[in-house]
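Undergrad: Structure incoming, see below.
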């Protein structure tokens, strides 16, 4: 369970009430409940999922208009804005970047970093 949790009760993805530390309808232990009552396994899961969603929304909007919205979206800026816990920022940035198939060498190097970050996160959980 996470000390950063805003609530002790919330709703799981099926709309069923659940408490912090209980198992939700999908069989996952609820470790974090957001301010809006949304239940997550951990604050890291929430931060990564939120950052990835916001980044893809921004990327798709930028891509649909052919880049007329200015420079392409920056996953690290979105992660810094969306992440509640500062330790989640790097992993959230890496996961968001992994959603796009980048061809340049710098981005390819980032893919190796993503794999290392995923391994580190798996060891912490």
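What follows is calculated from the coordinates using simple rules that are stated; it is not laboratory data. Everything numeric here is computed off the predicted structure, so don't read it as measured data. With ideal geometry, Cβ positions are generated from the backbone for all residues, glycine too; neighbour counts draw on all protein chains shown.
Undergrad: Would you mind getting me the FRET efficiency between residue 23 and residue 81? Use the beta-carbon distance for r and R0 = 25 Å, nearest 0.05.
TA: 0.20
Undergrad: Here's a follow-up. Rounded if a/c is under 1.5, else prolate if a/b beats b/c, else oblate: with a ≥ b ≥ c from the C-alpha gyration tensor eigenvalues square-rooted, which is region 1-41?
TA: Details: a/c = 2.04, a/b = 1.30, b/c = 1.57.
In terms of gyration-tensor shape, oblate.
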